[in-house]
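Every read-out reported here was derived from the displayed coordinates using simple, explicitly stated rules and does not represent laboratory data. Small disclaimer: the values here were computed from a predicted structure and weren't measured. Cβ sites come from the backbone with ideal geometry, for glycine too, and all protein chains shown count toward neighbours.
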Amino acid sequence: MARIKASPSSEPQASADIDAPGAQVLERGHRVRLADQVYGQIFEQIVSGGLNVGDKLPSENEISERFGVSRPVVREALLRLRADGLITAHQGLGTFVSHQPAPRLKTFNDVQNVSAYLRAQEVRVALEGDAARLAALRRTDEQLKKIADAHAAFADGLARGEVSPEADLAFHASIAEASGNDFYLGVLESIHESINGFMRLTLSLTRTGSRQRAQRVADEHATILDAIREQDSERARVAMQFHLGQARHRLVDRERD
């Protein structure tokens, strides 16, 4: 079907095709939810260029038939894609691709799990923002040193292009620990798999991206550390939430490279 590159005010046109061999693409009973699998299939099409910015998606009914799932499942997947800034709905016209991740993302094995990773990221914004706030108020000198050492190890790895998810997680975990509330660290550990997957993807993009991208990540960590060092609780909270929000944007929008 034809693709469109028109503004939302143009006349309705044919939607772009979504490659889906049928219902068998989705695994019933799999631990990844059906909505996440539909999300992953459409996300992969956007990353690969099967769907480009400006292309119109098929209707909910068409997507439902192609994947062999119910409309509520499709609706949930589309809502997630909208929330993540990848598609935009226009009244009376349909739904269009609005942002496209970096093409090199398709070379990584975790693309199908992006929806779950981004849902975990939403939890992290609320959780870690408050943990950073409390860490600024409650941290001991020993805990501050642990956070600073974790930041230094992470920044050194970034500079060498050898940074690992473990180094990134160590920085965030040290802040949660410094909050003085074990529940923060416990919740992070409960979603460790999704956090680790998210970090693998974003850090892989950072390693293969521009030097400016890597520097921005290091600078965001440094800003969080400075606020905790100066015991500025509100600045620490905002800095952490900003950092996690930027990490999400860097994953779904190639313009943030």
Revision key, fill the gap. Relative contact order of the range 76-206 (C-alpha contacts under 8 Å, at least 6 apart) in percent is 27
Point to revise | Pairwise label distance in nanometres, Asp149 with Glu166, each label 7 Å out on the Cα-Cβ vector | key: 1.6
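What is the ratio of the Cα radius of gyration of the range 145-257 to 2.2 N^0.38 Å, with N the residue count, to two decimals?
Expressed relative to 2.2 N^0.38 Å, the Cα Rg reads 1.02.
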Check your understanding: Could you give the distance between the Cα centres of the range 223-250 and the range 113-172, to the whole Å?
Key -> 10
Review point. Once the convex hull of the C-alpha atoms of the range 133-198 is built, how many Å³ does it hold per residue, rounded to a whole number?
Key: 77
Check your understanding: When the label point is put 7 Å from the Cα of Val53 along its Cα-to-beta-carbon vector, which residues of the range 178-212 have a backbone N closer than 18 Å?
Key -> 210
Review point. If contacts are Cα pairs under 8 angstrom and at least 6 residues apart, what is the relative contact order of the range 167-257 in percent?
Key: 23
Review point. Averaged over all directions, how much area does the convex hull of the C-alpha atoms of the range 49-173 cover when projected, in nm²?
Key: 10.7
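Please report Rg over Rh for the range 186-237, where both radii come from the alpha carbon positions and Rh follows the Kirkwood definition.
For the range 186-237, the value is 1.08.
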